[in-house]
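Visitor: Just passing along the structure, written as structure tokens.
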Amino acid sequence: MITVRLTTAQAIIRFLKNQFVERDGQQNPFFAGVWGIFGHGNVAGIGQALLQNPDFPFYPSRNEQAQVHLATAFAKMNNRLRAFACTSSIGPGATNMVTGAAAATINHLPVLLMPGDIFARRNVAPVLQQLEWGSTQDISVNDCFKPVSRYWDRINRPDQIITALPEVMRVLTSPVDTGAVTLALPQDVQTESYEYPEEFLHQRVWHIPRQPTDQTLLQRSIEWIQASRSPLIIAGGGVYYSQANQALAKFAAQTGIPVAETQAGKGSLHFDHPQEVGAVGVTGTLIANQLARGADLVIGIGTRFSDFTTASKTAFQYSDVRFINLNVAEFDAYKQAALPLVGDARLVLEAWLEALKDYRVLADYAEKISQGKADWEKEVDRLYHLGTTGQPAQSEVIGALNDFMRPQDVLINAAGSAPGDLHRLWRTRDFKGYHVEYGYSCMGYEIPGALGIKMAAPEREVYALVGDGTYLMMPSEIVTSIQEGYKLNIILVENHGFASIGGLSQSVGNGSFGTVYRLRSPQTGMLDGEYLPLDFAMNACGFGAVAYDTWSLAEFKKALAEAKNTERTTVIVVHTDTSLRAPGYESWWDVAVSEVSEVKDVEEARKGYEEERQKERYFF
Ligand SMILES: Cc1ncc(C[n+]2csc(CCOP(=O)(O)OP(=O)(O)O)c2C)c(N)n1
Ligand SMILES: [Mg+2]
């Protein structure tokens, strides 16, 4: 056996460089490089290995959580066919990645995390930043990654990577299991050498399968569709990962079955496809929510049926409603007591296209869909053009952005009041044009995520819509975008704090307690003083961005045009009027209200809450 002497870290980097994936006849390297921040836990091991592998790029970030978000968005933009690895030191650098890991895993997006770990040798313990545990020496803060990783391992001897790394790749490239993978790397082991078999480090191509479904259940699903009078498709993120958009567009056009979308599935069809009825659930369109309420057959494609989609199990009210769930994961396919079609979305859609050639929804149902869709487009137009001359509504900002951006440009968002407005109102004209992370809805995802998208698709402009709350949490990767020469367009909606949670707080009877950015006043001891003296444009300039401060729709549009001609990352601050909030459309979200309280408004809210909860359903 031919071997080569390398440190553990050097062997890992060599291995990662040589992993490829293939699907549908296309092949490419899986890893695009490594993001990281060095400390004593990785600088001498992984850091040294990266230094001697300049063809495997190393990118320094500003924050370990941010680098995981960046990697996650990059993987999403690449339909999971490319990914980044992330390195951190031990201790705080490592645990900073836990939130990013959870976001990646919940969204089924691959990222490899390599946190440094305490000495396997143990004789020098406790080392700087080590958490000691009285009942075992076999624990470190990296054990926190276990519940948020799809695969977790700690490398205590150099030869262990020979069996660990293939498992890492199996999970990262699995359409079912992919998510964050954590390989904890003790500081000393990273630098120890071993005679690695050359063959282990050769190029390896991982085939990403398209899994066919069970034929009996496929036949039954065809019969269920044929028997349905009011079917509704709910498209989730799985449509993208299977690259089934075209097949879905054809199937909807051929059968007339309307397609509603989850956040992850938004844009599965272009907004002007005749069967596209837009967002469904808590943040859904009126037509999609009405169709969901009356549907006798709900066909979920690649969706987890989160509470935002099911309106906390109140969305589907037809007494005998049935579900067909087409999903690559058995776990999701069985939800809602569905007929479970475990398999690849595109393969099944192609089979349905063939088998359901003669099926078409009834004329009155088709009429209801096209009328509802036309009415909805009018509503979007209304909210895009409220006609304010002072501080604009958020929906007008979204409208102006939608008008301004080219179809292929990408809009990214994750948390606050924007995800709801975008889910309902955004007109997606490109299968990769809409990128909202709503599995974890993690404030701070947007700016690093925008950089990940831009790196995946430099030919597109990327617009990150962020709230002032989100911006304050994680503006740091603006600096990284400038370091790497990738221009981002950041739209910062300034509304003195948490419009979203402030509104929710009011609806549960809490006023806006703790959600508005105000000074604590010496008189009352409460946060009811002046607004916090924040200057976001100045802050962004300090990071090296070009910034604009805008107070009306006209100013905002002018800044958008100017920003387009700027080479560096831009931040357009737009001060909005939260009293002009977009409404909800016949849906509900279960946020539990206190059963007893000293506050009258809370008691009132509880009464309404108990009534609404009556509509929640089980499915058998
Ligand atoms: C990391 C994180 N912490 C807390 C929350 C809960 N949360 C959801 S929206 C929100 C407020 C967002 O404020 P901002 O970014 O200003 O957006 P706005 O609500 O004003 O639209 C909070 C705190 C979250 N989603 N993510
Ligand atoms: Mg805000």
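What follows draws every value from the coordinates through simple rules; no lab data is involved. In this text, all values refer to a predicted model and were calculated from it rather than measured experimentally. Using ideal geometry, Cβ is built from the backbone for each residue, glycine included, and neighbour counts are taken over all protein chains shown.
Visitor: Please report, to one decimal in angstroms, the Kirkwood hydrodynamic radius of segment 87-235 built from all distinct Cα-Cα pairs. If you can, show how the numbers build up before the last one.
Guide: On the way: mean 1/r = 0.0551 Å⁻¹.
With all distinct Cα pairs of segment 87-235 included, I get 18.2 Å.
Visitor: Counting other beta carbons within 10 Å of each residue's own, what order do THR303, THR178, THR72, THR191 fall into, fewest first?
Guide: THR191, THR178, THR303, THR72
Visitor: Debye sum, Cα scatterers, segment 359-413, no solvent: what log₁₀ I/I(0) at q = 0.30 1/Å?
Guide: Debye curve over Cα of segment 359-413, log10 I(q)/I(0) at q = 0.30 Å⁻¹: -1.12.
Visitor: State the answer as a single residue: which of ILE501, ILE491, SER481 lies farthest towards the positive end of the charge dipole of segment 464-541, with beta carbon charges of +1 for Lys and Arg and -1 for Asp and Glu, about the Cα centre.
Guide: ILE501
Visitor: Taking the Cα centre as origin and putting +1 on Lys and Arg beta-carbons and -1 on Asp and Glu beta-carbons, what dipole magnitude results for segment 412-487, to the nearest 20 debye?
Guide: 260 debye
Visitor: Here is a follow-up. Add -39500 (n - 2.57) for each DSSP H run of 4 or more in the chain, then divide by its residues: what number comes out at 222 nm, to the nearest 500 deg cm²/dmol?
Guide: Working: 24 runs with 224 residues, N = 620.
About -10500 deg cm²/dmol.
Visitor: Taking only Cα atoms of segment 525-620, what ratio of Rg to Rh do you get with Rh as the Kirkwood inverse-distance radius? Before the final figure, lay out the partial values.
Guide: Numbers: Rg = 21.9 Å, Rh = 18.3 Å.
My calculation of the ratio gives 1.19.
Visitor: So for VAL21, VAL493, fewest C-beta neighbours within 10 Å to most, what's the order?
Guide: VAL21, VAL493
Visitor: Oh, and also: Have a look at the chain and give its Rg and Dmax from the Cα atoms, expressed in angstrom.
Guide: That works out to 25.4, 79 Å for Rg and Dmax.
Visitor: Now for a separate question. Sort ASP421, ASP409 so that the residue with the fewest other Cβ atoms within 10 Å of its own Cβ comes first and the one with the most comes last.
Guide: ASP409, ASP421
Visitor: Please report the relative contact order for the chain, taking Cα pairs under 8 Å with a sequence separation of at least 6, and give it as a percent rounded to a whole number.
Guide: In percent, rounded to a whole number, it is 13.
Visitor: Give me the distance between the Cα centres of segment 376-435 and segment 473-530, rounded to whole Å.
Guide: Using only Cα atoms, the two centres lie 20 Å from each other.
Visitor: Any idea what the dipole of the chain comes to, in debye rounded to 20, about its Cα centre with Lys/Arg Cβ at +1 and Asp/Glu Cβ at -1?
Guide: I would put it at about 860 debye.
Visitor: Right, something else. Just need the Rg to Rh number for segment 130-171, please, alpha carbons only, Kirkwood Rh.
Guide: 1.03
Visitor: With N set to the number of residues, divide the alpha-carbon radius of gyration of segment 442-520 by 2.2 N^0.38 Å and report two decimals.
Guide: In units of the globular-protein estimate, segment 442-520 measures up at 1.32.
Visitor: Another one. Dipole of segment 540-620 (Lys/Arg Cβ +1, Asp/Glu Cβ -1, origin at the Cα centre): which of SER597, THR566, GLY544 lies farthest to the positive side?
Guide: Of the candidates, THR566 comes out farthest on the positive side.
Visitor: Moving to a separate point now. To check my understanding: the extent here is largest minus smallest coordinate of the Cα atoms along each principal axis. What are those three numbers for segment 149-192, in Å, largest first?
Guide: 34, 17, 11
Visitor: Given segment 59-104 reduced to its alpha-carbon atoms as identical point scatterers, what log10 I(q)/I(0) does the Debye formula return at q = 0.14 Å⁻¹?
Guide: The computed values of log10 I(q)/I(0) come out as -0.30.
Visitor: Next up: Under unit Cβ charges (Lys, Arg +1; Asp, Glu -1), what dipole magnitude, rounded to 20 debye, does segment 369-524 have relative to its Cα centre?
Guide: The dipole magnitude comes to about 160 debye.
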